[in-house]
1. Condition first: farther than 18 Å from ARG474 by Cα and out of contact with any strand residue (DSSP E or B) (no Cβ under 8 Å at 6 or more places or on another chain). Now tell me which residues in the range 621-653 satisfy that.
2. Among the numbered criteria (1) within 23 Å of GLU36 (Cβ to Cβ); (2) under 25 Å from the mean Cα position of the chain (by Cα), which single criterion is violated by ALA191?
3. Which one of these is assigned by TED's automatic domain parsing to the domain that holds PHE214, farther than 23 Å from TRP216 by Cβ and either in contact (Cβ under 8 Å) with a residue 12 or more places away in the chain or of a type in the set (Val, Ile, Thr) (or both): GLU98, GLU32?
4. Only residues in the range 302-313 that are in contact (Cβ under 8 Å) with a residue 40 or more places away in the chain count as the first member; pair them with residues that are of a type in the set (Ser, Thr, Tyr) and crowded, with 18+ Cβ neighbours inside 10 Å, Cβ under 8 angstrom, at least 6 apart or cross-chain, and list the lot.
5. Restricted to the range 620-662, and to residues that are over 30 Å from ASN488 (Cβ atoms) and among the aliphatic types (A, V, I, L, M), which residue is surrounded by the most Cβ atoms within 10 Å (Cβ to Cβ)?
6. Is the range 664-676 home to any residue that is under 11 Å from ALA631 (Cβ atoms), surrounded by 24 or more Cβ atoms within 10 Å (Cβ to Cβ) and in the same structural domain as LEU569 (by TED's automatic domain parsing)?
7. Being in contact with a helix residue (DSSP H, G or I) (Cβ under 9 Å, 6 or more places away or on another chain) and farther than 19 Å from VAL23 by Cβ is the requirement here; does THR132 meet it?
8. Do any helices (runs of 4 or more DSSP H) entirely within the range 151-201 hold 2 or more residues that are basic (Lys, Arg), and if so, which?
Amino acid sequence: MVNSKLKSQTSNFKPRRAPRVSVVMAAYNAREYLREAIESVLNQTFKDFEFIIIDDGSTDDTVEIIRSYRDPRIVLHERSHQGLIATLNYGIKIARGEYIARMDTDDVSEPRRFELQVKFLDSHPDHAVVGTTTQIIDTKGRTIDISAEPLRHEEIVQGLLVRNVLAHGSVMMREDAVRKVGGYDPEAIHAEDYDLWVRISREGKLANLPQPLFKWRLNPQGISVTKSKIQRQTVERIKDRQWHNLPRHGSSLQLSFRNIWMKRLQPDLTDPFWRRRRGALAVIYSRLGRELLLRGRRWKAVRYVLTAWVLSPRWVPNYLYVLALLFPRSFLIPAENFFRPIKWSLSQVWHSVRLVSFVELPKGGILFVRRGIYPGFDFPEAHQFAEELARLGKSVGVVCLKSGNDPSYEVVNGVKVFRLAPNTNFFRWIFQFLLLFNLWGRSFDVVHVFWGKGFLLLPIFARRSAKRWVLDVRSGHIGGFFSSVINNGLVVADSYFFDHVITLDERLLRKLWRKSPKPRDLHFVPMGVNEQIFRPQSSKDLAQKIGVGKDDFVLVYQGTLDKSRRLDLFLQGFAGAVRQIPRLKLLIVGDGSNRGWLEEEVRRLGIAGRVIFVGRVPYQEVSAYISVGNAGVSYVPQTKPFLNQQVTKTLEYFACEKPVLATRLPFHEDLVGRSLGVLIDDNPQAVEQGILELVRLEREGKLKVPRSVIADRTWSALVRQRLLPIYES
């Protein structure tokens, strides 16, 4: 039903005839990018269209955003939530135009899209569907790739045998052709467009325009990401159905060697993406050859595999399929399984190199280099330094690795973040080589490198890329004796090639450079705390939610749960204290490889009701969990790798005005006074006695932690007082 309010706003608009084009958009909780999508349709140079927007039961302010537009071409329909396919079929049913254009709520259409598509369909009456070349953009609207699929009907039909080669949101279709095939199939879940193109291809021709007239957003919340498994299953069913019906449509596999070898190999200078399009065609033919090999049709596979190799000799899988022609059918699958990780790694390397042409690193300013993820709150210095400098108006960039669905490029709190490659062991090893490629030919005021193996190459081979090279050594190596000796030796060797070296304090300096000449320009920048995130706050609701009573005495431990932390010794001491303090509880905030074993240890000690495992929580929420407790636990083993550590969690407890139970490390001996907590050794007996002493002092009111304790240890103070003078020296 047409929305009544919108209908009253558009009551004066009474078209004398049906529009040429009906634009159909399905919207469901789409507020984030909806305005950009709507405005890209309203700004089309072709004006004769109706814009049908169907709200599929949204629970956010999607409807309010649509109502805010007063354009009479917009017609809003509101329905209960029925899913995308049912909503699109409803849109087709009520469409009045000769042509139906699709549009999604997180994508963008270029201004001339409708104009050129209408012109094409008017001049090609035998074509039923026309799409466009597609720009792939990230969540910030930055172009990260171009998808240049085949243009002609014959190539598109062959492509549909292996994958979808038409971008759903980019197409314009003849209304009568869509209705003739029955619209979208409700069974084609999350691949309804692919199924529709296959069925329409039997009624009319398909085409893609060479111009990039559509921007498809690579959205982490999109169906292609969140429902990828179901989507792949549906795609496989559609492919199998096509191959089953192939004898009745054998023309799909007729390959014209005259067309390929004489015409398609020549540059098409009218198409700016002819190289990419030729590569896409090679992929299609290669996959067609693979499907024919698996189905035992070897001689027909020969034509496709060899043609794919001619079109794109550098595409690695082609060589595997050429080799497979010489072996039995059973050879192909094991060979693919063996080469798949290698192929994925090479494709990621190529992707990271190609991104350089789309995403520019900041010119001038300060560039941080970190072999890890950003923001990474288990190693907070990089993002804290970067964000504080950005707040001071500096041009700041970060080059790092990416995790999961992190975008390759984004701006985080004023910091330009360039994620070069996935955070895997392979890419951690070659990260410095990818980084060199990005640094050559660029210029920065400062390149601040957090030490990692191989980063020595940066100031040697990219010396001219920065006025100052800064090496930041946050700690010595935590590991076995021999690995520690080797890694600490590499730190010392690398330091002589940098202009400035930053380390934590004199103790770490003595550990690393005890028998070697000191770096020529050495500075101390200790660990800090984010005073905006970590602060005292009320947490009564959270305490009730996780099962903490108002009379409980709660210790809070936050950090990584791995074996090197030796938390089993702490739990043994805690179990002894529980027997003497009835309402004592331990709240563990964090996760790690040792969590399952620790949970088993808790059950073995009989303290399962006294220990609460929260798991990993967002960094911004850690302060709330600390506020639930009466005191924080900074239990760090008194082993050699940890002796020179500066324990960030201790500063975070102090920022929340909580006393600490801390192991007797040099850092804690300097920082933790009598009124700020209790120092213990790292054995169960000391832990038990320390907890008893902490509870006694707390109940007697002798532990007071003022916020002024961290005044000179906040990240903002450290950046202004210590880091900026190094950059400007």
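The values are calculated or read from the model by the stated rules, or taken from the named source; none is laboratory data. None of these values were measured; they are calculated from a predicted model. Note that we place each Cβ from the backbone using ideal geometry, even for glycine, and neighbour counts take in every protein chain shown.
1. Result: GLU621, SER623, ALA624, SER627.
2. Answer for ALA191: the failing condition is (1).
3. GLU98
4. From the range 302-313, the pairs are TYR304/TYR285; TYR304/SER286; THR307/TYR285; LEU311/TYR285.
5. Filtering the range 620-662 for residues that are over 30 Å from ASN488 (Cβ atoms) and among the aliphatic types (A, V, I, L, M), the one surrounded by the most Cβ atoms within 10 Å (Cβ to Cβ) comes out as ILE626.
6. Step one: filter the range 664-676 for residues under 11 Å from ALA631 (Cβ atoms), giving 676.
Of the ones still in play, those that are also surrounded by 24 or more Cβ atoms within 10 Å (Cβ to Cβ) are none.
No, because not a single residue in the range 664-676 is under 11 Å from ALA631 (Cβ atoms), surrounded by 24 or more Cβ atoms within 10 Å (Cβ to Cβ) and in the same structural domain as LEU569 (by TED's automatic domain parsing).
7. no
8. Once the helices (runs of 4 or more DSSP H) in the range 151-201 are filtered for at least 2 residues that are basic (Lys, Arg), what remains is 175-180.
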